[in-house]
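**Q** Before I ask anything, let me first share the structure, which is written out below as C-alpha cells.
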Amino acid sequence: MFFDFIIKLYLFAVEKKKTFFLKKVQHVKPKRIIIVYRISDIGYLKDKPSYINNENCLKNAVLEFPLCECSWHVIADNISESTLQMVCKYIPQNNIKHVSVGHGAGTFRIAYDYALQYDDDDCVYFLENDYLHKPGSLKVLKEGLQCREGDYITLYDHLDKYGYNTGNPLVCGGEKTRVFLSESAHWKITNSTTMTFAAFVSTLKKDKNIFWKWTNTKHPFDFQIFTELRLRKRRRLLSVIPGYSTHGETKWLSPLMEWNNIVDVQNK
C-alpha cells in the first residue's frame with residue numbers, strides 16, 4: 001500500500017539522518033489565541049479515570065486558557081440540555097455552535113473550516129473535550145508556537161512514544177528526535193499526536209488537503225495526518241516534555257504527573 005511505502009521511506013530517512021525533511025521556520029508571536037473546543041455527550045469507547053468528564057475538562061480548559069486572553073468557540077455535537085447548561089456556566093451561549101454530526105472526523109472538519117476565517121498570524125488550538133492541562137499551559141503553548149523549529153504544537157506527551165510494542169510503528173524503545181529549549185520547557189520533534197494540537201492559521205490554510213484526506217470517514221486518522229505532513233510538506237510537530245496536558249484515556253495518560261491532583265485543586 002502507498003502508506004506502507006511512505007512509512008518505510010520515513011524510517012529510512014530517520015535512520016540515515018537525512019535533513020531534507022527538515023526546514024527552518026520563522027514564527028512571530030501569535031496575534032490571538034483561538035480555542036476551538038469540540039464537545040459531545042457520546043464518543044469512542046475508552047477506559048477513562050473517573051475524574052475525566054465533560055465538566056472537569058471544560059472547567060480546566062477555561063482556567064488555563066481564560067476567555068479574557070483567548071477567543072473561544074465551542075462546537076457542540078448532539079449535546080443534551082443538561083450538557084448545554086453546564087457549558088453555559090463557562091462559555092457564553094453566543095460562542096457555542098450546535099451541530100448534529102455524530103462523529104469526530106466531521107466535527108473536526110467544521111472546527112478546521114471555522115479556524116480558516118482568522119488571520120494568518122492568529123493561532124488556533126484545536127481542543128477535544130477529554131483533556132486536562134497543567135497550570136501555565138497558555139504560556140508554554142505560546143513559547144512552542146514561537147519556536148522556529150516547529151509548525152505544529154502539542155502539549156500532550158503521548159505514551160506511544162516510549163517503550164516497545166506501543167502500536168506506533170515509528171517507535172522502538174523511544175523516538176529518534178531532536179530536543180529544543182524554550183523559556184520554561186523542553187520540546188522534542190515527535191512523529192504524531194491526537195486531534196488536539198495548535199498551529200498558525202497560515203499553516204492550516206496550506207495543509208488543508210492533507211487533513212481532508214484523512215478525515216473523510218467517521219474516524220480521523222491522526223497518525224497518518226502528521227506523518228504525511230512531515231513527509232510531503234516537511235512540517236514538524238513539537239511536543240513539550242514532560243507534557244503540559246493529557247488525553248483522558250487511562251492507558252495513555254501523559255507520564256510523570258498525578259493528573260487527578262489537577263482536578264482536586266480546581267474543584268476546591
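**Q** Which aspartates and glutamates have a Cα lying under 18 Å from the Cα of K208, excluding residues fewer than 8 positions away in the same chain?
**A** D113, D119, D120, D121, D122, D151, D222, E228
**Q** Tell me the relative contact order for the chain as a rounded percent, counting alpha carbon contacts under 8 Å between residues six or more apart.
**A** Relative CO of the chain lands at 26 percent.
**Q** While we're on this one: Could you tell me the calculated FRET efficiency between V179 and K97, based on Cβ-Cβ distance and R0 = 35 angstrom, to the nearest 0.05?
**A** With a Förster radius of 35 Å, E is 0.35.
**Q** Another question, if that's okay. Can you give the accessible area per residue of the chain, in Å², using a 1.4 Å probe?
**A** Result: 47 Å² of accessible area for each residue.
**Q** Run through the DSSP bridge list for the stretch 144-268 and note the antiparallel percent, rounded to the nearest 5.
**A** So the antiparallel bridges amount to about 75 percent of the total.
**Q** Another one. So for the chain: antiparallel DSSP bridges make up what percent, rounded to the nearest 5? Mind dumping the intermediate values first?
**A** On the way: 20 of 41 bridges.
Bridges in the chain that DSSP calls antiparallel: roughly 50 percent.
**Q** Set Lys and Arg Cβ to +1 and Asp and Glu Cβ to -1, take the dipole of the stretch 101-226 about its Cα centre, and tell me which of F108, H186, F211 lies farthest positive.
**A** Of the candidates, F211 comes out farthest on the positive side.
**Q** Quick one: angle between helix 54-64 and the longest Cα principal axis of the chain, in degrees between 0 and 90, rounded to 10, please.
**A** Around 70 degrees separate the two axes.
**Q** Projected onto the charge dipole of the chain (+1 at Lys/Arg Cβ, -1 at Asp/Glu Cβ, origin at the Cα centre), which of G248, F226, M195 gives the Cα projection farthest towards the positive end?
**A** In the chain, that residue is F226.
**Q** Take every Cα-Cα distance within the stretch 27-89, group them into 5 Å bins from 0 onward, and report for each bin the whole-number percent of pairs it holds.
**A** 4, 14, 24, 24, 17, 9, 5, 3, 0
**Q** Quick one: of K31/K161; K188/K233; K48/K213; K97/K142, which pairs are farther than 23 Å apart, Cα to Cα?
**A** K31/K161; K48/K213; K97/K142
**Q** Dipole size in debye (nearest 20) for the chain around its Cα centre, Lys and Arg Cβ +1, Asp and Glu Cβ -1?
**A** 1180 debye
**Q** By a straight-distance test (C-alpha under 15 Å), which aspartates and glutamates pair with K251 as possible cross-link partners, with residues fewer than eight away in the same chain excluded?
**A** Counting by Cα, and skipping residues close in sequence, K251 has these aspartates and glutamates nearby: D47, D130, D157, D160.
**Q** Using just the helices of the chain, give the 222 nm mean residue ellipticity in deg cm²/dmol: DSSP H runs with n ≥ 4 each add -39,500 (n - 2.57), and the total is spread over all residues, rounded to 500.
**A** Taken over the chain, the calculation gives -10000 deg cm²/dmol.
The values are calculated or read from the model by the stated rules, or taken from the named source; none is laboratory data. Keep in mind that this is a model prediction, so the values were computed, not measured. Neighbour counts are summed over all protein chains in view; Cβ atoms, including those assigned to glycine, are modelled from backbone coordinates with ideal geometry. Calculation scope for accessible area: heavy atoms of the full protein, side chains included, ligands and nucleic acids excluded. Shrake-Rupley method; radii C 1.70, N 1.55, O 1.52, S 1.80 Å.
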